[in-house]
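These notes are about the structure you will find just below.
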Amino acid sequence: MDDRETELRQLTAELREHESVDDAFLAKSFTDRLVILDIVDSDCVPEDVADCLEDHDLRGADAVYGNEGSSFAGNVGESTRHHFVDVQSRGSHQSYVVE
């Protein structure tokens, strides 16, 4: 595990303690590391959580990928899911092709 992954795992553990965060975890897209947040009782990420993510170089996936919107990815039960891209390591991951 590299230092950045360790830092983001610690961050997600801290974010899970926030009253508005139902879950927080790391994931990977084809080329990027993502932080996934499930927010309870709101379609919006609380400002203090958004500020914390920005301070750690995490940006809303839609904004990073040039789509309309910011981070909203859909509903998961009673929560809304939001995707944030780690812009420090953006593009450094490789997908695997299985033959």
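Out of contact with any His (no Cβ under 6 Å at 6 or more places or on another chain), modelled with pLDDT under 90 and part of a helix (DSSP H, G or I): does that describe Ala63?
Details: out of contact with any His (no Cβ under 6 Å at 6 or more places or on another chain): yes; modelled with pLDDT under 90: yes; part of a helix (DSSP H, G or I): yes.
Here the answer is yes, as Ala63 does meet what is asked.
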Among what's in region 16-32 and is at pLDDT below 95 and assigned to a loop (DSSP other than H, G, I, E, B), pick the residue that is surrounded by the fewest Cβ atoms within 10 Å (Cβ to Cβ). Phe30
Picking from Val49, Val35, Val76, which residue would you name as being at pLDDT below 95 and surrounded by 13 or more Cβ atoms within 10 Å (Cβ to Cβ)? Val76
Which of the residues belonging to region 1-22 are in contact with a helix residue (DSSP H, G or I) (Cβ under 9 Å, 6 or more places away or on another chain) and either at positive phi or of a type outside the set (Ser, Thr, Tyr) (or both)? Met1, Leu11, Glu14, Leu15, His18, Val21
Consider only pairs whose beta carbons are under 7 Å apart and that are at least six residues apart or on different chains; among these, list those whose first residue lies in region 42-69 and is farther than 19 Å from Glu7 by Cβ and free of Cβ contacts under 8 Å to residues at least 12 places away in the same chain and whose second residue is surrounded by 13 or more Cβ atoms within 10 Å (Cβ to Cβ) and charged (D, E, K, R). Glu68/Asp62; Gly69/Asp62
Does Ser71 satisfy the criteria of being touching a strand residue (DSSP E or B) at 6+ places or on another chain (Cβ under 6 Å), over 14 Å from Ser89 (Cα atoms), surrounded by 15 or more Cβ atoms within 10 Å (Cβ to Cβ) and at pLDDT below 95? yes
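The values are calculated or read from the model by the stated rules, or taken from the named source; none is laboratory data. Computed from a predicted structure; not experimentally measured. Every residue, glycine among them, receives a Cβ derived from its backbone with ideal geometry; neighbour counts consider all protein chains shown.
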